[in-house]
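Right, one structure below, let's go through it.
The values are calculated or read from the model by the stated rules, or taken from the named source; none is laboratory data. The structure displayed is predicted, hence computed values, not measured ones. We place every Cβ from the backbone using ideal geometry, glycine too, and count neighbours over all the protein chains shown.
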Amino acid sequence: MNTEKVATYIVQWLNDYCQQSGLQGFVVGVSGGIDSAVTSTLCAKTGLPTYVLSMPIRQKADQHSLSQAHCQWLAEQHDNVTPITQDLTSSFEALEAALPADIQDGLTMANARSRLRMLTLYTFAGHHRCLVGGTGNKVEDFGVGFYTKYGDGGVDVSPIADLMKSEVYAIAAHLGVMRGIQDAAPTDGLWEDDRTDEGQLGASYDELEWAMTASEDANLDRATLSERQREVLDIYTRHHNANKHKMEPIPVCIIPTELKAN
């Protein structure tokens, strides 16, 4: 992959789409991870107003510090960037207090965090007449569906959704994203502990990229695969099938014409 040409293409695509939409710029949530760092940098390079939001919710100190450091670095590099820290801890705790305790399991409330951040991004985007930039990559968005529906999946544009995770890292290196973010273990930051994406998924992104490609090979012979490859392929297939509802359009119940006739 020619990282320079790909990055330039995405920046131009973002610029063209925003101009055609009649809006002013971009709002991007920055988590301290590689995907949001690359997305926010690409948006910043359009030269259009770009608001980068760090939105801690009882966040681990290292995640929040990386997020703030990246936002500050972007603002120093680009005059069109406005860094914003919006602590949502009190808002999330108010939600916890308002909801019945018996429905607040770990996954439900992790997704609630993501959806609270989406609400915040769209509040800023609506006020500033901007587009919300999505941070999902190809294997997450269209492979294993590793994102929150109407959370980090609730966006206006997806500039890196055709890039595998390895390609996102290549673009990050080209853009000069800070080393601490490039070296950090990928995590969604939605849990109270230090669990990583790999820990949740059961496979590394390199393994899942291989499985995504292998699953599309009609001539794949499982007998030729190693035990770990078969295991990873099963992990990929399980996540893909369970999360298809995120990747496909919302089902619409089409009423037969004869039932609607007078």
query: Taking the range 177-200, which residues are buried (at least 20 other Cβ atoms within 10 Å of the Cβ) and modelled with pLDDT of 90 or more?
result: Val177, Ile181
- line: Taking the range 102-113 and keeping only residues that are at pLDDT below 95 and of a type in the set (Gly, Ala, Ser), one is left with Gly106, Ala110
query: Does the range 79-92 hold any residues that are assigned to a loop (DSSP other than H, G, I, E, B) and surrounded by fewer than 19 Cβ atoms within 10 Å (Cβ to Cβ), and which are they?
result: Asp79, Asn80, Gln86, Asp87
Selected residue [over 21 Å from Pro186 (Cα atoms) and under 26 Å from the mean Cα position of the chain (by Cα)] from Ala211, Ala218, Ala203, Ala242: Ala242
- line: Checked Leu95, Leu131 against criteria (at pLDDT 95 or above, surrounded by 20 or more Cβ atoms within 10 Å (Cβ to Cβ) and touching a helix residue (DSSP H, G or I) at 6+ places or on another chain (Cβ under 7 Å)); the one match is Leu131
- prompt: Among the residues of the range 9-16, is there at least one that is within 21 Å of Glu140 (Cβ to Cβ) and under 15 Å from the mean Cα position of the chain (by Cα)?
  reply: no
message: Report every pair of residues separated by at least 6 positions or lying on different chains whose Cβ atoms are under 6 Å apart, first residue within the range 1-13 and in a loop (DSSP other than H, G, I, E, B), second surrounded by 15 or more Cβ atoms within 10 Å (Cβ to Cβ).
response: Met1/Glu167
statement: When the range 162-175 is checked residue by residue, the ones that are in a loop (DSSP other than H, G, I, E, B) and either without any contact (Cβ under 8 Å) to a residue 24 or more places away in the chain or crowded, with 18+ Cβ neighbours inside 10 Å (or both) are Leu163, Met164
task: Write out, first by first residue and then by second, each pair whose Cβ atoms fall under 9 Å of each other, whose residues are 6+ apart or on separate chains, and whose first residue, in the range 55-77, is among the acidic types (Asp, Glu) while the second is buried (at least 21 other Cβ atoms within 10 Å of the Cβ) and at pLDDT below 95.
output: Asp62/Gly32
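Which residue is surrounded by the fewest Cβ atoms within 10 Å (Cβ to Cβ), if the candidates are limited to the range 134-153 and must be among the acidic types (Asp, Glu) and farther than 14 Å from Leu53 by Cα?
Step one: filter the range 134-153 for residues among the acidic types (Asp, Glu), giving 140-141, 152.
Then drop every residue that is not farther than 14 Å from Leu53 by Cα, which leaves 140-141.
Values: Glu140: 27, Asp141: 22.
Within the range 134-153, the match that is surrounded by the fewest Cβ atoms within 10 Å (Cβ to Cβ) is Asp141.
Is it the case, given these coordinates, that Ser67 is closer than 17 Å to Leu175 by Cβ, under 20 Å from the mean Cα position of the chain (by Cα), in a helix (DSSP H, G or I) and at pLDDT 95 or above? Before the answer, list the steps.
On the way: closer than 17 Å to Leu175 by Cβ: yes; under 20 Å from the mean Cα position of the chain (by Cα): yes; in a helix (DSSP H, G or I): yes; at pLDDT 95 or above: no.
No, not satisfied.
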